[in-house]
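Right, one structure below, let's go through it.
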Amino acid sequence: MSALPHMEDRNAPASRAADILGFVGLALAVLGLADVPLLYRLVCLFGAAIFLPLSFHRQSEWPGWVRWVLSMTVNAFLAYVAWSAMRLR
């Protein structure tokens with residue numbers, strides 16, 4: 001009938017991959033905030049700093065500026081958390 005359902009099916013795998021990257025990044029960020037040894041905390045925060053921006057940039061339906069702002073914001077937050085963890089060590 002219309003081409004819209006076909007287009008949604010074509011974008012669905014990319015959207016699912018972005019969602020999976022986002023969930024992995026979120027899980028790593030939460031582990032980075034947990035009370036674990038410093039090395040594990042920093043590795044988790046570094047992983048979250050990679051996975052979350054990748055997830056944002058794969059969300060092709062979002063405007064480009066939103067994806068960039070979210071990426072910069074999450075990386076600034078994770079850098080602050082990592083710096084705080086190092087300082088309080």
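Structure values in brief
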{"read-out": "Potential lengthening between Ala79 and Leu39 on full extension [0.36 nm per residue; Cα-Cα distance subtracted]", "value": "12.9 nm"}
{"read-out": "Order of Phe46, Phe23 under a 10 Å beta carbon neighbour criterion, fewest first", "value": "Phe23, Phe46"}
{"read-out": "Pair Ser60, Met86: separation of 7 Å Cα→Cβ label points (nm)", "value": "3.8 nm"}
{"read-out": "Order of Asp19, Asp35 under a 10 Å beta carbon neighbour criterion, fewest first", "value": "Asp35, Asp19"}
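Laboratory data are not the source of any read-out in this text; all were calculated from the coordinates shown. These numbers were taken from a predicted model, which means no experiment stands behind them. Virtual Cβ from ideal backbone geometry, glycine too; neighbours counted across all protein chains shown.
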